[in-house]
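Beneath this line is the structure, given in structure tokens, with notes to follow.
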Amino acid sequence: MFAGSTQIRTIDGKILRPLEPPGAAAVLFFVATDCPISNAYAPEIQRICSAFKGRGVSCALVYEDVNVTADAVRKHASEHGYRQIAAAIDDGTLAARVNASITPETVVIDHSGRVRYHGRIDNLYVAFGKSRQVVTVHDLRGALEAVVAGKTVATPATEAVGCYIMPSNQRSK
């Protein structure tokens with residue numbers, strides 16, 4: 001559980017408290033406009049959010065681009081079909097708080113504020129630039145099924161493959 005409230009403003013000006021989900025859980029998708037693996041996951045991110053929305057799971061895209069603007073995020077979201085998912089720009093603070101270091105990387109926070117899953121969306125990517133023909137493990141979906149059912153997540157952490165997030169203390173202002 002996280003001490004103290006963490007909030008982040010969406011590109012539309014709304015305040016999100018991602019570590020205090022209003023429903024069963026919140027999924028934070030750490031993404032970047034210029035990460036090809038992150039971009040390739042856009043359809044799957046949307047499918048997951050759509051599948052779990054009615055089950056009390058909220059989703060948020062957390063952009064980790066160093067100098068990205070709200071207009072660039074809006075354009076990126078539109079180009080990748082993100083319509084119903086909140087999008088925010090992080091200065092690295094939220095990523096550091098939940099130990100996210102890769103895009104795309106996911107963090108699932110349950111209704112009590114505990115991180116229940118941290119890692120990859122699935123096992124499509126074996127390494128940067130190397131993918132499987134078929135996904136054989138749906139890590140995030142499995143974690144969400146467990147959290148929504150009030151069960152223990154079988155594999156609470158996996159290694160994400162993608163682009164590195166620059167630590168907040170190395171970002172230019």
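The values are calculated or read from the model by the stated rules, or taken from the named source; none is laboratory data. Predicted, not measured: the structure shown is a model, and the values here were computed from it. Every residue, glycine as well, gets a Cβ built from its backbone with ideal geometry; the counts of neighbours run over all protein chains shown.
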Residue count, the stretch 77-111 (criterion: part of a helix (DSSP H, G or I) and either crowded, with 22+ Cβ neighbours inside 10 Å or small (Gly, Ala, Ser) (or both)) | 5
Output the number of residues of the stretch 124-146 satisfying the condition of being assigned to a strand (DSSP E or B) and in contact (Cβ under 8 Å) with a residue 12 or more places away in the chain.
-> 3
Picking from Asp34, Asp65, Asp71, which residue would you name as being closer than 19 Å to Tyr164 by Cα and exposed (fewer than 15 other Cβ atoms within 10 Å of the Cβ)?
-> Asp34
Of these, Gly142, Gly129, which one is on the phi > 0 side of the Ramachandran plot and not aromatic (Phe, Trp, Tyr)?
-> Gly129
Val147 is checked against (1) more than 16 Å from Pro21 (Cα to Cα); (2) modelled with pLDDT of 95 or more and fails just one. What number does that condition carry?
-> (1)
Residues being under 15 Å from Phe30 (Cβ atoms), in contact with a strand residue (DSSP E or B) (Cβ under 7 Å, 6 or more places away or on another chain) and not in a loop (DSSP other than H, G, I, E, B): count how many of those fall in the stretch 147-173.
-> 3
Qualifying residues in the stretch 112-123 (those that are in contact (Cβ under 8 Å) with a residue 40 or more places away in the chain and not in a strand (DSSP E or B)) - the one farthest from Ser38 (Cα to Cα) = Ser112
